[in-house]
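Student: Have a look at the structure that comes next, please.
Read-outs throughout are calculated quantities, based only on the coordinates presented, and are distinct from any laboratory measurement. Everything numeric in this text was worked out from a predicted model, so none of it was measured. Here the Cβ positions follow ideal geometry from the backbone for every residue, glycine too, while neighbour counts run over all protein chains shown.
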Amino acid sequence: MSEKTNISMGKNELTDGDKIELKDILDTEAIQSFMDDFYALTNFGIGILDLHGEVLIGTGWQEICVKFHRVHPLTLNNCLQSDTYLSRNVKRGEFLEYKCKNNLRDIVTPIFVSDQHVGNLFLGQFMYEDEVPEIEVFENQGDMYGFDKEAYLNALSQVPKWSREKVNIVMNLYSKFAQIISNLLTSNLAMERALEDKKRSEAAKVKLIEELNRSNKELEQFAYVTSHDLQEPLRMISAFTSRLEREYNKLLDKKAGEYMSFITEGAKKMQVLIKDLLEYSRISGSKRVIEDINSNILVSNVLNNLGLQIQESGAQVFYNTLPVIKGDPVLLALLFQNLISNAIKFCGKNIPEVNIKCEDKKLEWLFSIHDNGIGISPEYFEKIFMIFQRLHDRGKYEGTGIGLTICNRIVERHGGRIWVESEPGKGSVFYFSISKIS
Ligand code: ADP
């Protein structure tokens, strides 16, 4: 009877609060086949049962069990009592023996996963060599449960009789085997759980990125619609305040004139803000244009655009030969313009000095824009790339806090990244990379 046997062993109520099920994690097929070979070699059977009493692996089933003891409800109950007693009392790494009420012996050693007792390994239904079977006891047993006497005694005669020494050796081996299974199951489960955790956190990350993308899209949409729609009423405010100033100048006193210039000033600031917002919202929506761009010409055009700012500040901008790069000429001009303009703007008391460099990094170009300005404290290195984040009030430095967000977007669209290195009072270096692969 070396085939895996599907005999129900009944429930033994040992599973309160258990979460890990032995049958879910045990490679029953492999162990069954291994134990079949072991049985063929040694004639020692094995049973691996979970705590519900379900037989997961079984070899060497005795006829006395299969045809008699586990068939009659009362003798089955004796078997279950034995299973329950052994399962409850056996200690980790040890084995325990019990003479069941059907007058046969069972020995058990436990299987653990981490600290959880999940099943047992049984060597069951045998007698010791030195025990003389009390035939009379079995005859009475047979009569009591209505077993066919001859068949029952014949089954009894087939019950293996082993020396105590041999049983001890086998149980030592089984107990080691149970510990190996326990260790393997524990590490398998830990690996499985770590993998699940990883999967779960990756799925959460993907979801977060999706949500971030969606909310960015919504923000861009919102920025586009509001800034676009705000342009018209703002133009009206500017136009009519100019008219008021022009046509009613004489009727207004000094205070009213002051208020009027506040309105004009406010309207101008708002126009800049709206222009920046529109620029920002257009970047992602715009079609991807990829051209070969001579960045020397690009930077020189940008410096022309910034002519007034350079003149007023006395800034000096230096750059050596810059490469031909692949990208969108309008967006890249905007990127250089924002960074050079900031490098000049945040100069503090120094006369601005700006250095533009580029390094060939095989797969990408690494540009850097160095200035000798006020610098930035490390805790703001990431924050400044977020929309509307400014480190100074407008009274000190003009701006909307959108410029670097635009730069970030443009660099992302060119397969690169942007970051800053700086120390307060010691100038800043803004780095950005542009992928060579379009
Ligand atoms: P804005 O220039 O309109 O304020 P930006 O998004 O371009 O907005 O920059 C965000 C903030 O980062 C600025 O308000 C400033 O505090 C800081 N910053 C940017 N560039 C520099 C720089 N070159 N040196 C020092 N601080 C800078």
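Student: Quick one: dipole size for the stretch 74-119, taken about the Cα centre, charges +1 on Lys/Arg Cβ and -1 on Asp/Glu Cβ, in debye to the nearest 20.
Tutor: For the stretch 74-119, the charge dipole is close to 140 debye.
Student: Note the full-extension length gain between Tyr397 and Asn216 as 0.36 nm times their separation in residues minus their Cα-Cα distance, in nm to one decimal. Write out the running numbers ahead of the final one.
Tutor: On the way: separation 181, 0.36 × 181 = 65.16 nm, distance 2.74 nm.
Extra length available between Tyr397 and Asn216 comes to 62.4 nm.
Student: If we count other beta carbons within 10 Å of each Cβ, what is the order of His414, His117, His228, His69, fewest first?
Tutor: Going from least to most buried by this count: His228, His117, His414, His69.
Student: Follow-up. Given points 7 Å out from each Cα along the Cα-Cβ axis, report the Leu278 to Glu21 separation in nanometres with one decimal.
Tutor: 6.5
Student: Less than 11 Å Cβ to Cβ from Tyr224, Lys/Arg counted +1 and Asp/Glu -1: what total charge do the surrounding residues give? Mind dumping the intermediate values first?
Tutor: Details: positive: Lys217, Arg282; negative: Glu218, Glu220, Asp229, Glu279.
Within the 11 Å Cβ shell, the charges total -2.
Student: What nm value, rounded to one decimal, do you get for the distance between Asp37 and Asn350 when each label is placed 7 Å out toward the C-beta?
Tutor: With each label point 7 Å from Cα toward Cβ, the separation is 7.6 nm.
Student: Something else about it: Starting from the eigenvalues of the Cα gyration tensor, five times each then square-rooted, give me the equivalent ellipsoid semi-axes of the chain, largest first, whole Å.
Tutor: 89, 25, 18
Student: For the stretch 301-438, what is the convex hull (Cα atoms) projected area averaged across all directions, in square nanometres?
Tutor: Result: a mean projected hull area of 8.0 nm².
Student: Roughly speaking, what is the stretch gain from Lys199 to Lys99, that is 0.36 nm per residue apart minus the C-alpha to C-alpha distance, in nm to one decimal?
Tutor: Contour length minus Cα-Cα distance gives 31.1 nm.
Student: Out of Asn188, Gln311, Leu76, whose Cα points farthest toward the positive end of the dipole of the chain (charges: +1 Lys, Arg; -1 Asp, Glu; placed on Cβ)?
Tutor: Highest projection toward the positive end goes to Gln311.
Student: Quick one: Cα convex hull volume of the stretch 262-373, Å³ per residue?
Tutor: 118
Student: OK, next. Do the alpha carbons of any pairs in Lys217/Lys396; Lys349/Lys396; Lys23/Lys198; Lys67/Lys149 sit beyond 21 Å of each other, and which pairs?
Tutor: Pairs exceeding the cut-off: Lys217/Lys396; Lys23/Lys198.
Student: I want the local charge near Asn355. Using Cβ-Cβ distances under 15 Å, sum +1 for each Lys or Arg and -1 for each Asp or Glu among the other residues. Spell out each step's value before the answer.
Tutor: Numbers: positive: Lys357, Lys426; negative: Glu353, Glu359, Asp371, Glu421.
The answer is -2.
Student: Starting from the Cα of Gln231, step 7 Å along the direction of its Cβ; do the same at Ser114; then give the gap between the two resulting points in nm.
Tutor: Placing both labels 7 Å along Cα→Cβ, they lie 6.1 nm apart.
Student: I'd like the FRET efficiency for Gln309 and Lys268, computed as 1/(1 + (r/R0)^6) with the beta carbon distance as r and R0 of 22 Å, rounded to 0.05.
Tutor: The formula returns an efficiency of 0.85 here.
Student: Per-residue ellipticity at 222 nm for the chain, helices alone: DSSP H runs ≥ 4 residues times -39500 (n - 2.57), over residue total, nearest 500 deg cm²/dmol?
Tutor: Working: 11 runs with 218 residues, N = 438.
The per-residue figure over the chain is -17000 deg cm²/dmol.
Student: Here's a follow-up. What size of dipole, in debye to the nearest 20, comes out for the stretch 259-399 about its Cα centre when the only charges are +1 on Lys and Arg C-beta atoms and -1 on Asp and Glu C-beta atoms?
Tutor: Roughly 280 debye, rounded to the nearest 20.
Student: Determine, from the Cβ-Cβ distance of Glu291 and Phe318 and an R0 of 35 Å, the FRET efficiency 1/(1 + (r/R0)^6), rounded to the nearest 0.05.
Tutor: Given R0 = 35 Å and the Cβ-Cβ separation, E is 0.85.
Student: Find the centroid of the Cα atoms in the stretch 118-166 and in the stretch 331-359, then give the distance between the two in whole Å.
Tutor: What the calculation gives is 95 Å, centre to centre.
Student: Here's a follow-up. Determine the sum of side-chain charges near Ser428: Lys and Arg each +1, Asp and Glu each -1, restricted to other residues whose C-beta is under 10 angstrom from that of Ser428.
Tutor: -2
Student: Another question, then. Report, in debye and to the nearest 20, how large the dipole of the chain comes out about its Cα centre when Lys and Arg carry +1 and Asp and Glu carry -1 on their Cβ.
Tutor: That gives the chain a dipole magnitude of about 2740 debye.
Student: Here is a further query. Calculate, for Asn183 and Glu129, the FRET efficiency according to 1/(1 + (r/R0)^6) with r their C-beta to C-beta distance and R0 41 Å; round to the nearest 0.05.
Tutor: The formula returns an efficiency of 0.75 here.
Student: Cα-based count: Lys pairs in the stretch 245-313 below 24 Å, eight or more positions apart or different chains?
Tutor: Values: Lys250/Lys268; Lys254/Lys268; Lys254/Lys269; Lys255/Lys268; Lys255/Lys269; Lys275/Lys287.
Value for the stretch 245-313: 6.
Student: Also, quick follow-up: Only helices at least 18 Å long along their axis, Cα-based, and averaging 0.0 or more on Kyte-Doolittle count here, so list those DSSP H runs from the chain.
Tutor: Span-like helices in the chain: 28-42, 329-345.
Student: Right, next: Indicate, rounded to the nearest 5 percent, the antiparallel portion of the DSSP beta bridges found entirely in the chain.
Tutor: Beta bridges within the chain, antiparallel portion: roughly 90 percent.
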